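What follows is one structure encoded as C-alpha coordinates, with my remarks underneath.
The values are calculated or read from the model by the stated rules, or taken from the named source; none is laboratory data. Just so it is clear, the model here is predicted, and its values are computed rather than measured. Note that each Cβ is placed from the backbone with ideal geometry, even for glycine, and that neighbours are counted across all protein chains shown.
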Amino acid sequence: MVILPAIDIKDGNCVRLFRGDYATAEKVADNYLDTALSFQAAGAQWIHMVDLDGAKEGRPVNTKIYSDVAEKTDLKVEVGGGIRNIETIDEYLKMGISRVILGSAALKDPRLVKNSVEKFGSEKIVVGIDALNGMVAAEGWLEASNVNYIDLANKMISFGVKYFIFTDISKDGTLSGVNAEQLKALYDGTRGECNIIASGGVRTMDDIVICKEMGLYGTICGKSIYTGSLDLAEAVRYAGAQNA
(Lines give C-alpha, C1' and ligand atoms only; values in the text may rest on other atoms or scores of the structure.)
Protein backbone atom coordinates (compact mmCIF):
# COMPACT_ATOMS: atom_id res chain seq x y z
CA MET A 1 0.00 0.00 0.00
CA VAL A 2 1.23 3.47 -0.87
CA ILE A 3 1.44 6.14 1.83
CA LEU A 4 0.92 9.66 0.49
CA PRO A 5 1.90 12.42 2.93
CA ALA A 6 -0.04 15.58 2.14
CA ILE A 7 0.65 19.26 1.73
CA ASP A 8 -2.30 21.56 1.15
CA ILE A 9 -1.46 25.06 -0.07
CA LYS A 10 -3.45 28.22 0.68
CA ASP A 11 -2.04 31.71 0.11
CA GLY A 12 1.33 30.09 -0.53
CA ASN A 13 1.39 28.45 2.91
CA CYS A 14 1.28 24.82 4.01
CA VAL A 15 -2.03 24.46 5.84
CA ARG A 16 -4.61 21.96 7.02
CA LEU A 17 -8.36 22.49 7.18
CA PHE A 18 -10.96 21.12 9.56
CA ARG A 19 -13.77 19.38 7.65
CA GLY A 20 -12.96 21.36 4.53
CA ASP A 21 -13.76 24.74 6.09
CA TYR A 22 -11.41 27.38 4.64
CA ALA A 23 -11.97 29.57 7.70
CA THR A 24 -10.19 26.93 9.82
CA ALA A 25 -6.97 27.00 7.77
CA GLU A 26 -4.04 26.39 10.10
CA LYS A 27 -0.44 26.78 9.04
CA VAL A 28 1.36 23.52 9.74
CA ALA A 29 4.82 24.03 8.23
CA ASP A 30 7.10 26.93 7.35
CA ASN A 31 8.50 25.71 4.05
CA TYR A 32 6.86 23.40 1.52
CA LEU A 33 10.12 22.18 0.00
CA ASP A 34 11.72 21.35 3.35
CA THR A 35 8.53 19.57 4.32
CA ALA A 36 8.49 17.54 1.11
CA LEU A 37 12.14 16.60 1.59
CA SER A 38 11.38 15.44 5.13
CA PHE A 39 8.70 13.15 3.70
CA GLN A 40 11.23 11.78 1.24
CA ALA A 41 13.72 11.19 4.05
CA ALA A 42 11.06 9.19 5.91
CA GLY A 43 10.80 6.82 2.96
CA ALA A 44 7.77 8.18 1.12
CA GLN A 45 7.90 8.03 -2.66
CA TRP A 46 4.65 9.89 -3.34
CA ILE A 47 3.30 13.22 -2.14
CA HIS A 48 -0.30 14.40 -2.31
CA MET A 49 -0.66 18.15 -2.89
CA VAL A 50 -3.80 20.27 -3.11
CA ASP A 51 -4.15 23.81 -4.43
CA LEU A 52 -6.85 25.05 -2.06
CA ASP A 53 -6.89 28.47 -3.69
CA GLY A 54 -7.26 26.77 -7.04
CA ALA A 55 -10.10 24.57 -5.82
CA LYS A 56 -11.99 27.66 -4.70
CA GLU A 57 -11.28 29.75 -7.80
CA GLY A 58 -11.58 26.99 -10.38
CA ARG A 59 -8.11 27.53 -11.83
CA PRO A 60 -4.50 26.70 -10.85
CA VAL A 61 -3.04 29.27 -8.46
CA ASN A 62 0.05 27.82 -6.74
CA THR A 63 1.58 26.05 -9.73
CA LYS A 64 5.22 26.97 -9.03
CA ILE A 65 5.11 25.23 -5.66
CA TYR A 66 4.18 21.91 -7.25
CA SER A 67 6.71 22.22 -10.05
CA ASP A 68 9.39 22.98 -7.43
CA VAL A 69 8.59 19.80 -5.50
CA ALA A 70 8.57 17.72 -8.68
CA GLU A 71 11.88 19.22 -9.81
CA LYS A 72 13.78 19.45 -6.53
CA THR A 73 12.79 16.17 -4.83
CA ASP A 74 12.65 12.51 -5.87
CA LEU A 75 8.96 12.33 -4.91
CA LYS A 76 6.22 11.49 -7.35
CA VAL A 77 3.78 14.38 -7.11
CA GLU A 78 -0.01 14.02 -7.19
CA VAL A 79 -1.76 17.39 -7.56
CA GLY A 80 -5.36 18.57 -7.46
CA GLY A 81 -7.35 21.74 -7.05
CA GLY A 82 -8.80 23.94 -9.78
CA ILE A 83 -8.03 21.65 -12.70
CA ARG A 84 -10.85 22.17 -15.18
CA ASN A 85 -9.44 21.56 -18.68
CA ILE A 86 -7.14 19.42 -20.81
CA GLU A 87 -4.62 22.25 -21.22
CA THR A 88 -4.02 22.51 -17.47
CA ILE A 89 -3.54 18.75 -17.18
CA ASP A 90 -1.06 18.83 -20.05
CA GLU A 91 0.89 21.67 -18.44
CA TYR A 92 1.10 19.87 -15.11
CA LEU A 93 2.28 16.62 -16.66
CA LYS A 94 4.87 18.41 -18.78
CA MET A 95 6.33 20.06 -15.66
CA GLY A 96 6.90 16.64 -14.10
CA ILE A 97 3.73 16.05 -12.10
CA SER A 98 3.11 12.29 -11.97
CA ARG A 99 -0.65 12.23 -11.47
CA VAL A 100 -3.37 14.86 -11.77
CA ILE A 101 -6.53 14.89 -9.65
CA LEU A 102 -9.89 15.71 -11.19
CA GLY A 103 -12.46 16.43 -8.50
CA SER A 104 -15.28 18.83 -9.27
CA ALA A 105 -14.83 18.11 -12.98
CA ALA A 106 -15.87 14.49 -12.43
CA LEU A 107 -19.24 15.71 -11.25
CA LYS A 108 -19.72 18.73 -13.50
CA ASP A 109 -17.77 17.85 -16.64
CA PRO A 110 -17.50 14.05 -16.91
CA ARG A 111 -16.49 14.34 -20.56
CA LEU A 112 -13.25 15.99 -19.40
CA VAL A 113 -12.45 12.91 -17.34
CA LYS A 114 -13.16 10.60 -20.25
CA ASN A 115 -11.09 12.68 -22.67
CA SER A 116 -8.24 12.99 -20.16
CA VAL A 117 -7.97 9.24 -19.63
CA GLU A 118 -8.03 8.69 -23.39
CA LYS A 119 -5.35 11.34 -24.02
CA PHE A 120 -2.97 10.84 -21.10
CA GLY A 121 -3.70 7.30 -19.89
CA SER A 122 -5.31 5.97 -16.73
CA GLU A 123 -2.02 6.07 -14.78
CA LYS A 124 -1.90 9.87 -15.04
CA ILE A 125 -5.45 10.65 -13.91
CA VAL A 126 -7.01 10.16 -10.49
CA VAL A 127 -10.58 11.13 -9.68
CA GLY A 128 -11.14 12.73 -6.29
CA ILE A 129 -14.53 11.94 -4.78
CA ASP A 130 -15.30 14.11 -1.78
CA ALA A 131 -18.50 13.19 0.02
CA LEU A 132 -20.63 14.32 2.93
CA ASN A 133 -23.15 11.80 4.20
CA GLY A 134 -22.44 9.73 1.11
CA MET A 135 -23.25 12.51 -1.35
CA VAL A 136 -20.60 14.10 -3.57
CA ALA A 137 -19.50 17.70 -2.93
CA ALA A 138 -17.70 19.99 -5.37
CA GLU A 139 -15.92 23.33 -5.80
CA GLY A 140 -13.62 23.03 -2.82
CA TRP A 141 -16.44 21.32 -0.89
CA LEU A 142 -18.53 24.47 -1.09
CA GLU A 143 -21.30 22.87 -3.17
CA ALA A 144 -23.34 19.78 -2.32
CA SER A 145 -25.02 17.45 -4.82
CA ASN A 146 -27.53 14.63 -4.84
CA VAL A 147 -25.08 12.20 -6.47
CA ASN A 148 -24.07 9.11 -4.48
CA TYR A 149 -20.30 8.61 -4.25
CA ILE A 150 -20.38 4.96 -5.35
CA ASP A 151 -22.58 5.78 -8.34
CA LEU A 152 -20.11 8.46 -9.43
CA ALA A 153 -17.19 6.06 -9.04
CA ASN A 154 -18.83 3.45 -11.24
CA LYS A 155 -19.58 6.04 -13.90
CA MET A 156 -15.92 7.07 -13.89
CA ILE A 157 -14.79 3.44 -14.11
CA SER A 158 -16.85 3.14 -17.29
CA PHE A 159 -14.64 5.94 -18.70
CA GLY A 160 -11.47 3.98 -17.92
CA VAL A 161 -10.59 5.61 -14.57
CA LYS A 162 -8.49 3.32 -12.37
CA TYR A 163 -7.51 5.58 -9.47
CA PHE A 164 -9.80 7.22 -6.92
CA ILE A 165 -9.23 9.33 -3.85
CA PHE A 166 -12.18 9.07 -1.48
CA THR A 167 -12.53 11.74 1.18
CA ASP A 168 -15.20 11.74 3.85
CA ILE A 169 -15.45 15.50 4.43
CA SER A 170 -16.83 15.00 7.93
CA LYS A 171 -13.59 13.21 8.84
CA ASP A 172 -11.08 15.44 7.08
CA GLY A 173 -8.67 17.17 9.43
CA THR A 174 -10.42 15.75 12.49
CA LEU A 175 -7.96 12.99 13.48
CA SER A 176 -11.03 10.89 14.29
CA GLY A 177 -10.13 7.82 12.24
CA VAL A 178 -10.91 6.79 8.66
CA ASN A 179 -14.48 6.04 7.59
CA ALA A 180 -13.91 2.31 7.18
CA GLU A 181 -17.59 1.65 6.50
CA GLN A 182 -17.80 3.99 3.51
CA LEU A 183 -14.41 2.89 2.19
CA LYS A 184 -15.48 -0.77 2.36
CA ALA A 185 -18.77 0.11 0.64
CA LEU A 186 -16.83 1.85 -2.14
CA TYR A 187 -14.46 -1.09 -2.53
CA ASP A 188 -17.34 -3.56 -2.67
CA GLY A 189 -19.52 -1.28 -4.79
CA THR A 190 -16.82 -0.98 -7.45
CA ARG A 191 -16.11 -4.74 -7.30
CA GLY A 192 -12.41 -4.13 -6.65
CA GLU A 193 -12.01 -2.81 -10.21
CA CYS A 194 -10.11 0.32 -9.16
CA ASN A 195 -7.32 1.56 -6.92
CA ILE A 196 -8.79 3.38 -3.91
CA ILE A 197 -6.84 5.93 -1.90
CA ALA A 198 -8.30 6.73 1.52
CA SER A 199 -8.30 10.36 2.65
CA GLY A 200 -9.61 12.03 5.78
CA GLY A 201 -9.46 11.17 9.46
CA VAL A 202 -6.16 9.27 9.60
CA ARG A 203 -4.78 9.55 13.11
CA THR A 204 -2.62 6.59 14.11
CA MET A 205 -1.15 3.37 12.79
CA ASP A 206 -4.51 1.72 13.50
CA ASP A 207 -5.93 3.60 10.51
CA ILE A 208 -3.05 2.50 8.29
CA VAL A 209 -3.65 -1.11 9.35
CA ILE A 210 -7.38 -0.83 8.57
CA CYS A 211 -6.70 0.52 5.09
CA LYS A 212 -4.06 -2.06 4.25
CA GLU A 213 -6.15 -4.96 5.52
CA MET A 214 -9.06 -3.69 3.45
CA GLY A 215 -6.91 -4.02 0.34
CA LEU A 216 -6.78 -0.33 -0.52
CA TYR A 217 -4.16 1.01 -2.92
CA GLY A 218 -3.13 3.96 -0.76
CA THR A 219 -3.71 6.20 2.23
CA ILE A 220 -3.24 9.96 2.47
CA CYS A 221 -1.83 11.28 5.74
CA GLY A 222 -1.86 14.97 6.57
CA LYS A 223 -2.65 16.40 9.97
CA SER A 224 -1.60 13.17 11.72
CA ILE A 225 1.97 13.67 10.50
CA TYR A 226 2.11 17.33 11.49
CA THR A 227 0.72 16.69 14.98
CA GLY A 228 2.93 13.67 15.54
CA SER A 229 0.10 11.20 16.15
CA LEU A 230 1.41 9.17 13.20
CA ASP A 231 5.05 8.42 12.48
CA LEU A 232 5.43 8.62 8.70
CA ALA A 233 8.49 6.36 8.55
CA GLU A 234 6.70 3.68 10.58
CA ALA A 235 3.63 3.94 8.34
CA VAL A 236 5.76 3.59 5.21
CA ARG A 237 7.58 0.55 6.61
CA TYR A 238 4.31 -1.15 7.50
CA ALA A 239 2.63 -0.34 4.20
CA GLY A 240 5.43 -1.95 2.19
CA ALA A 241 6.30 -1.18 -1.45
CA GLN A 242 5.86 2.52 -2.22
CA ASN A 243 6.65 2.70 -5.92
CA ALA A 244 3.26 1.73 -7.34
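What's the number of the only condition in (1) at pLDDT below 95; (2) in contact with a strand residue (DSSP E or B) (Cβ under 8 Å, 6 or more places away or on another chain); (3) part of a helix (DSSP H, G or I); (4) not polar (S, T, N, Q) that TYR92 fails to meet?
Single failed check for TYR92: (1).
Identify the residue in segment 217-232 that is surrounded by 14 or more Cβ atoms within 10 Å (Cβ to Cβ) and assigned to a helix (DSSP H, G or I) and, among all such residues, is modelled with the lowest pLDDT.
Restricting to residues being surrounded by 14 or more Cβ atoms within 10 Å (Cβ to Cβ) and assigned to a helix (DSSP H, G or I), the top hit is LYS223.
When you go through LYS114, LYS108 one by one, which is the residue that is over 15 Å from ILE197 (Cα atoms), at pLDDT 95 or above and not polar (S, T, N, Q)? Walk me through it before giving the result.
On the way: LYS108 fails: at pLDDT 95 or above.
Matching residue, one of LYS114, LYS108: LYS114.
Anything in segment 90-123 that is more than 18 Å from the chain's Cα centre (by Cα) and among the aromatic types (Phe, Trp, Tyr)? List them, or say none.
Passing the criteria: only PHE120.
Could you check, for segment 5-14, whether at least one of its residues is exposed (fewer than 15 other Cβ atoms within 10 Å of the Cβ) and closer than 26 Å to ILE157 by Cβ?
no
On the given criteria, is ALA36 aliphatic (A, V, I, L, M), in a loop (DSSP other than H, G, I, E, B) and at pLDDT 95 or above?
no
Please go through segment 54-68 and give me each residue that is outside any helix (DSSP H, G or I) and among the charged types (D, E, K, R), ordered by number.
If the condition is that a residue be outside any helix (DSSP H, G or I) and among the charged types (D, E, K, R), then ARG59 is the only one that fits.
Got at least one residue in segment 42-60 being without any contact (Cβ under 8 Å) to a residue 24 or more places away in the chain and among the hydrophobic types (A, V, I, L, M, F, W, C)? Talk me through it step by step, then tell me what you get.
First, the residues of segment 42-60 that are without any contact (Cβ under 8 Å) to a residue 24 or more places away in the chain: none.
Scanning segment 42-60, I find no residue that is without any contact (Cβ under 8 Å) to a residue 24 or more places away in the chain and among the hydrophobic types (A, V, I, L, M, F, W, C), so the answer is no.
Working carefully through the options LYS72, LYS114, find the one that is surrounded by fewer than 19 Cβ atoms within 10 Å (Cβ to Cβ), under 21 Å from SER158 (Cβ atoms) and in contact (Cβ under 8 Å) with a residue 12 or more places away in the chain.
Just one listed residue meets the conditions, LYS114.
Of all the residues that make up segment 1-39, how many are within 13 Å of SER224 (Cα to Cα) and among the charged types (D, E, K, R)?
1
Of all residues in segment 99-117, which are closer than 11 Å to ILE86 by Cα and charged (D, E, K, R)?
ARG111, LYS114
Quick one: would you say VAL100 is at pLDDT 95 or above and either surrounded by 23 or more Cβ atoms within 10 Å (Cβ to Cβ) or part of a loop (DSSP other than H, G, I, E, B) (or both)? Walk me through how you get there before you give the answer.
Details: at pLDDT 95 or above: yes; either surrounded by 23 or more Cβ atoms within 10 Å (Cβ to Cβ) or part of a loop (DSSP other than H, G, I, E, B) (or both): no.
No.
Looking at (1) assigned to a helix (DSSP H, G or I); (2) buried (at least 16 other Cβ atoms within 10 Å of the Cβ); (3) over 15 Å from the mean Cα position of the chain (by Cα); (4) not β-branched (Val, Ile, Thr), which is the only condition GLU87 fails?
(2)
Quick one: in segment 120-141, which of the residues that are modelled with pLDDT of 95 or more and in contact with a strand residue (DSSP E or B) (Cβ under 9 Å, 6 or more places away or on another chain) is surrounded by the fewest Cβ atoms within 10 Å (Cβ to Cβ)?
GLU123
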